[in-house]
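Report on the structure given below.
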C-alpha cells in the first residue's frame, strides 16, 4: 500500500499512528538500556542477590493486566455502539490504572519498611535501579491515565463512532504498551 494514497483523513490517521509507534520504540529502547544496566550492575560486590519484590508489585501486575482487558472490552463495546457499556468500562480502566499506582507506592513502602531507601546511607544500587525503573514506568502510566481521561471526555462529547475512533485506538495502543512493559519489567525484576 502506498502511504501517500488515500484521503487527507486517512493520511492524518497513518501519521498519528506512526508517531505513536516511534514514541513507543524510543521507550522500549530506554527501558532496554536500564534493564541492560541492571544486568551488568548485578555483578557488583554490593548487589543484593536474594531480594524479592514485595507482594504489592504482584498485586499491581494483576491490576494492570485487568485494566488492559477492560480497555479491550470498552473498544469492543464502542464498535457495537454500546455507549453506556463503553462508559462503564472506560471508568473501570481508569480506576484500575489509579489502583495500579497506589499498589506501586505500597510496594515502595514495603521496600522502605525492609530498610532500603532510594538514596542515602540505607540505599544500595539494587534498590536504586528498582526505584528508577518503577518510577519511570509510573510516569508513563500517568501519561496513559491522562490519555484515558481525554478519551472519556471525547466519548461523552460523542466524538467516537464505531467507524471513527482514532483517538480511542491511539490511547488503547499506548495503554496496552504500558501494561505489557510493566509485565516485562515485573518478570525481569522478579527473575533476574
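None of the figures in this text is laboratory data; all of them are computed from the coordinates on show. This one's a predicted model, so the numbers in the text were calculated from it and none came from an experiment. So basically every Cβ, Gly included, is an ideal-geometry build from the backbone, and we count neighbours across all protein chains shown.
Assorted remarks:
- FRET efficiency for residue 37 and residue 149, using Cβ-Cβ distance with R0 set to 22 Å, rounded to 0.05: 0.10
- Calculated P(r) tail over 16 Å for the stretch 98-138, as whole % of Cα pairs: 30
- Its convex hull of Cα atoms gives the stretch 147-192 a direction-averaged projected area, equal to a quarter of the hull surface, of 3.6 nm².
- Between helix 83-113 and the chain: long-axis angle, C-alpha atoms, 0 to 90°, nearest 10: 10
- Nearest 10 degrees, 0 to 90: helix 55-79 Cα axis against the chain principal axis: 10
- Mean sequence separation of contacting Cα pairs (under 8 Å, at least six apart), scaled by the length of the stretch 58-191, corresponds to a relative contact order of 30 percent.
- Computed label-point distance, nm, for sites residue 50 and residue 157 using a 7 Å Cα→Cβ extension: 5.7
- CD proxy at 222 nm, helix term only [per DSSP H run n ≥ 4: -39500 (n - 2.57); per residue of the chain; nearest 500]: -28000 deg cm²/dmol
- Percent of C-alpha pairs per 5 Å bin in the stretch 22-75, short distances first: 4, 15, 11, 13, 23, 18, 9, 4, 2, 1.
- The stretch 58-191 - convex hull of the alpha-carbon atoms, volume per residue in Å³: 90
- Normalised contact order of the stretch 82-149, rounded percent, pairs of Cα under 8 Å and 6 or more residues apart: 35
- On Cα atoms only, tilt of 166-191 relative to the major axis of the chain in degrees: 20
- For the stretch 97-176: rounded, prolate or oblate by the Cα gyration tensor [a/c cutoff 1.5]: prolate
- Peptides 182-189, 18-25 ranked from most to least packed, by the mean per-residue count of other Cβ atoms within 10 Å: 182-189, 18-25.
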